[in-house]
Amino acid sequence: MEIIVCIKQVPDIAEVRINPETNTLIREGVPSILNPFDEFAVEEAVRIKEKHGGTVSVVSMGPAQSEKVLRTCLQMGADGGCLLCDDALAGSDTWVTSAALAALIDKLTYDLVICGIETTDSSTAQVGPQLAEKLGIPQITFVSKIKLDQGGKKGIFTCETDTGYQVLEARMPLLVSVIKGINIPRAPDNKVGRAKKLECVNITDLGINPEDVGLDGSPTMVVEVKAAKPRPRSHLVVDSSLPAHERIRVIMNGGIQHKEGIKKLEGEVEGLASKVGEYIIDLLKQ
Ligand SMILES: Cc1cc2nc3c(=O)[nH]c(=O)nc-3n(C[C@H](O)[C@H](O)[C@H](O)COP(=O)(O)OP(=O)(O)OC[C@H]3O[C@@H](n4cnc5c(N)ncnc54)[C@H](O)[C@@H]3O)c2cc1C
């Protein structure tokens, strides 16, 4: 069973800032981590290998520092890794990223490709599905459980949907994107994987034309980036000129008109009294 896991180095989310001129993330000088969703993908691949045998290779397209997160995957039990790194790739959108990854993976042997569901820096969830299309293999997304048959040639895959879940049977080769919660990723063991080798390739090795990649080769343009507006807080509004006990009585009698954004308290007197108490404590804290 040959498994390839696609992983991405992402900026530590607490530190992310946007360049107002280019509308792209400022990644320089920001600490980087393995995309948290990809930890589930690596863990799942290693578990499959432990059960069915075979190898796990991790691949990433990114800057040279991505070697660090590839090493983390080796410490989690992956057997080898390959970094696709080239200055020409900077600024690539998901279309170009998936095309470049497909060019790399096409040169490798695989039965199963596993992706995380999304990244924490761009969160498009497009790379997995685009990659499957470009490799010309079937895909199952939002996978929460994988059960392969003994020979590893086909498997049963449970995937989450908006309304519940589906159970699908599929044959290899196949690409799946796995969701958070499919497993509990193990901690990297820094005594493991020191001797394992990482390979580096560039676009020339893959026969990719520099004009087809990077910002210029990317069909996506970020036109504008806006901060989300904070949601207005809603409060119970009671005539503040009333003494406290009167205000409580008004609330408990349901004596205020229902207005949009105002929560009307309903229920048994005891329950209501404690809710009102909490409300008053909140008011005093403000
Ligand atoms: C104009 C523009 C410029 C950009 N410039 C840059 C840039 O300079 N540097 C940069 O890092 N990003 C850049 N991005 C973002 C970049 O396009 C996306 O981060 C990248 O294509 C992956 O998309 P995503 O993060 O939404 O991944 P998703 O589609 O949310 O990721 C899903 C899964 O795909 C796999 N995956 C995603 N990305 C990679 C990868 N690179 N290697 C291996 N597996 C992967 C992982 O398994 C991941 O869990 C740019 C985007 C735009 C639109």
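We did not get these values from a lab; they are worked out from the coordinates using the rules stated. Quick caveat, the model's predicted, so the values are computed rather than measured. Methodologically, a virtual Cβ is constructed for each residue, glycine included, from the backbone with ideal geometry; neighbour enumeration extends over all protein chains shown.
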Distribution of pairwise C-alpha distances over segment 4-142, 5 Å bins, in %: 2, 10, 20, 24, 22, 13, 6, 3, 1, 0, 0
Inter-label distance for Asp189 and His245, nm, one decimal - labels placed 7 Å from Cα along Cα-to-Cβ: 6.9
DSSP-defined antiparallel bridges as percent of all bridges, the chain, nearest 5: 40
Tell me which residues come under 5 Å, amide H to amide H, from Ile4 once H is placed; ignore anything under 5 positions away on its chain. Ser57, Asp111, Leu112, Val113, Ile114
Helix 94-105 against the longest principal axis of the chain: what's the angle in degrees, Cα atoms only, rounded to the nearest 10? 40
Of the cross-linked pairs Lys49/Lys191; Lys107/Lys197; Lys8/Lys107; Lys68/Lys147; Lys107/Lys196; Lys107/Lys134, which ones have a Cα-Cα span greater than 23 Å in the structure shown? Lys68/Lys147
With every atom except the alpha carbons ignored, what do you get for Rg and Dmax of the chain, in angstroms? 25.5, 79
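For segment 45-189, with only Lys/Arg (+1) and Asp/Glu (-1) charged at the beta-carbon, what is the dipole magnitude about the Cα centre, in debye rounded to 20?
Details: 14 positive and 16 negative charges, 121 e Å.
The dipole of segment 45-189 has a size of about 580 debye.
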Could you calculate the contour length gain from Lys107 to Val223, that is, 0.36 nm times the residue separation minus the distance between their Cα atoms, to one decimal place in nm? 38.2 nm
Residue-wise, which Karplus ³J(HN,Hα) couplings in Hz belong to segment 161-169, taking 6.51 cos²θ - 1.76 cosθ + 1.60, θ = phi - 60°, and x for glycine or proline? 10, 4, 10, x, 8, 10, 10, 10, 9
Note down the relative contact order for the chain as a percent, whole number, built from C-alpha pairs under 8 angstrom at least six residues apart. 20
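How big is the dipole moment of segment 1-129 about its Cα centre under a simple scheme where the beta carbon of each Lys and Arg is +1, that of each Asp and Glu is -1, and everything else is neutral? Debye, nearest 20, please.
Details: 9 positive and 19 negative charges, 42 e Å.
In debye, rounded to 20, segment 1-129 gives about 200.
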FRET efficiency, 1/(1 + (r/R0)^6) with R0 45 Å, evaluated for Asp12 and Glu211 via beta carbons: 0.85
Filter the cross-link list Lys180/Lys229; Lys229/Lys275; Lys51/Lys145 down to pairs whose alpha-carbon distance in this structure exceeds 22 Å. Lys180/Lys229; Lys229/Lys275
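Remind me, relative contact order of segment 97-138 in percent, using alpha carbon pairs under 8 angstrom and six or more residues apart?
The normalised contact order for segment 97-138 reaches 54 percent.
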Any idea what log10 I(q)/I(0) is at q = 0.28 Å⁻¹ for segment 1-75, Debye with uniform C-alpha scatterers and no solvent? -1.28
Can you work out the PRE-style zone for Gln126? Point 7 Å along Cα to Cβ, and I want the residues of segment 180-222 with backbone N under 17 Å. 212-222
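Arrange the peptides 159-168, 112-121, 86-95 so that the one whose residues have, on average, the most other Cβ atoms within 10 Å appears first. Kindly include the intermediate steps, with their values, before the conclusion.
Details: 159-168: 11.0, 112-121: 23.5, 86-95: 17.9.
So the peptides 159-168, 112-121, 86-95, ranked by packing, come out 112-121, 86-95, 159-168.
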Just from its helices, what would the mean residue ellipticity at 222 nm be for the chain, if runs of 4 or more DSSP H residues each count -39500 (n - 2.57) and the sum is divided by every residue, rounded to the nearest 500 deg cm²/dmol? -8500 deg cm²/dmol
Charges only on Cβ, +1 for Lys and Arg, -1 for Asp and Glu: so what's the dipole of the chain about the Cα centre, in debye to the nearest 20? 860
